[in-house]
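To keep things clear, I will list the structure first and then write my remarks on it.
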Amino acid sequence: MLRAFGPKRAYYLRSTVDSDRTARLGQAEKEGAVFPDYFALGVLVFVVLTLFYAVIAIHDIPHLMAKARSPPHQDAIHVAGWVSLFTLHAIWPFLMGDGGPGPVTAERRIDRPAIARTRLARTDAGAH
């Protein structure tokens, strides 16, 4: 309770504020302003459910890639995808393998030293 204007003239502002708020609430319910409240609640529930589904879908990406490649440690990749939730996805580079979808074959295997030698040879040839 708040007292204003000294001891002779005591105005209790709280009672005025409470009566105004009660009058506005009663008027809002009569005018049908409850629909926006329920609509906002519906939007909030939809957003929460969508985010929950998105988290599940995102954390299954490494597992889906592993299913396409069919490595022997496919179940470990699935578990590590969910563990990455707690490591803020810091372990995802280790889960992704060679960086491309599909099975790893001898033709797809990257020969990094050969690539480096080829680039070095091109650089040397262009320098002379």
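The values are calculated or read from the model by the stated rules, or taken from the named source; none is laboratory data. Remember, predicted model here, so these are calculated numbers, not experimental data. As a convention, Cβ positions derive from the backbone with ideal geometry for all residues, glycine included, and neighbour counts pool all protein chains shown. When the accessible area is computed, the model is the full protein with side chains, heavy atoms only, and any ligands, DNA or RNA have been set aside. Shrake-Rupley method; radii C 1.70, N 1.55, O 1.52, S 1.80 Å.
If you check Val79, Val43, which single one turns out to be modelled with pLDDT of 80 or more, open to solvent by less than 70 Å² (accessible area, probe 1.4 Å) and among the hydrophobic types (A, V, I, L, M, F, W, C)?
Just a single option satisfies the conditions, and that option is Val43.
Any residue in the stretch 100-124 that is at pLDDT 60 or above sitting within a Cβ distance under 9 Å of a residue that is not in a helix (DSSP H, G or I)? List the pairs, counting only those 6 or more apart or interchain.
Qualifying pairs under 9 Å: Arg109/Asp98; Ile110/Asp98; Ile110/Gly99.
Have a look at Val34, Val48 and point out the one that is hydrophobic (A, V, I, L, M, F, W, C) and under 26 Å from the mean Cα position of the chain (by Cα).
Values: Val34 fails: under 26 Å from the mean Cα position of the chain (by Cα).
Unique residue meeting the criteria: Val48.
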